[in-house]
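The values are calculated or read from the model by the stated rules, or taken from the named source; none is laboratory data. Just so it is clear, the model here is predicted, and its values are computed rather than measured. Cβ coordinates were reconstructed from backbone atoms using ideal geometry, including for glycine residues, and neighbour counts include every protein chain displayed. Heavy atoms of the whole protein, side chains included, go into the accessibility calculation; ligands, DNA and RNA do not. Shrake-Rupley method; radii C 1.70, N 1.55, O 1.52, S 1.80 Å.
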Amino acid sequence: MAYDRYVAICNPLRYPIIMNKVRYVHMAAWSWVTGYMISLVQTTMTMVLPFCGNNVIDHLTCELLAVLKLICSDITVNVLIMTVASIAILMLPLLSIFISYVFFLSAILRLNSAEGRKKAFSTCSAHLTVVILFYGSALFMYMKPKSKDTKISDEIIGLFYGVVTPMLNPLIYSLRNKDVKEAAKKILSRHLHLFKI
C-alpha cells in the first residue's frame, strides 16, 4: 500500500500505467511467498527440537515465541533466525514505508492548493494509522529485550496485532468513504437526540 500511495501522490498521471493488475499480482504474490517461506523455515526448525514438560502453551495463540519457551535444548539458532526474519519482515518494510512517506510529505508540501494538500493527507492518513497500529505492536512484541518478557504484555500485544488491528482495518479504510461518514453521523446524531429527550 505504501508503494501504491507513493505512486498515487508522487506520479498521479502515470498511476494507471505503473499500478496495473500485473504489478498488484506480483506484489501480493511476493508478500505471500515470503511470509510462507519464513513461517515454514521457523516452524520446521522449531518442531524438530525436543520439548520439555507438559507441552501446554501458556498463551492466547500458538505464537512461535510461546512455543520456543517449551523447548529443552539450545534455541540460539532459532532466536537468531527469528531476529533476522523480524528485521526482514518488520524493519525493512517499515523503513521503506518511512522513506516513501518522506517523499509523500515533500510532494504534498509542494502542492499549491490547500484543498489538494488536505486530500493528499487524507489519502495517506488511513494507511499511516494502520502502519502505526500494526508495526508498533509487532515491533514491540518481536523486538523487545528478553528481560521485558511478561505473560500479560505478550498476550495483550499478541491480541492487539493479531485481532484488534485486522478488525480495525475495514473501519479505518471505510471511514474515508463519504457515504460511511454520513451514515455514521446520522446514527450518532440520532442516538444523541434520543439521550437529550
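Points to keep in mind about this one:
- For C10, C72, the ranking by accessible surface with the largest value first comes to C72, C10, using a 1.4 Å probe.
- Rolling a 1.4 Å probe across all protein chains gives E115 an accessible area of roughly 130 Å².
- Where H127, H26 fall by accessible area, highest first, once all protein chains stay in place (1.4 Å): H26, H127
- Computed with a 1.4 Å probe on the full set of protein chains, the accessible area for V77 sits at about 80 Å².
- Of the trypsin sites (Lys or Arg not before Pro) in region 84-139, those whose Cβ has at most 10 other Cβ within 10 Å and which sit in DSSP loop: R110
- Base-10 log of normalised Debye intensity for region 1-117 (one unit scatterer per alpha-carbon) at q = 0.13, 0.17, 0.19 Å⁻¹: -0.70, -0.91, -1.03
- With all protein chains modelled, accessible area of I152 [1.4 Å, Å²]: 110 Å²
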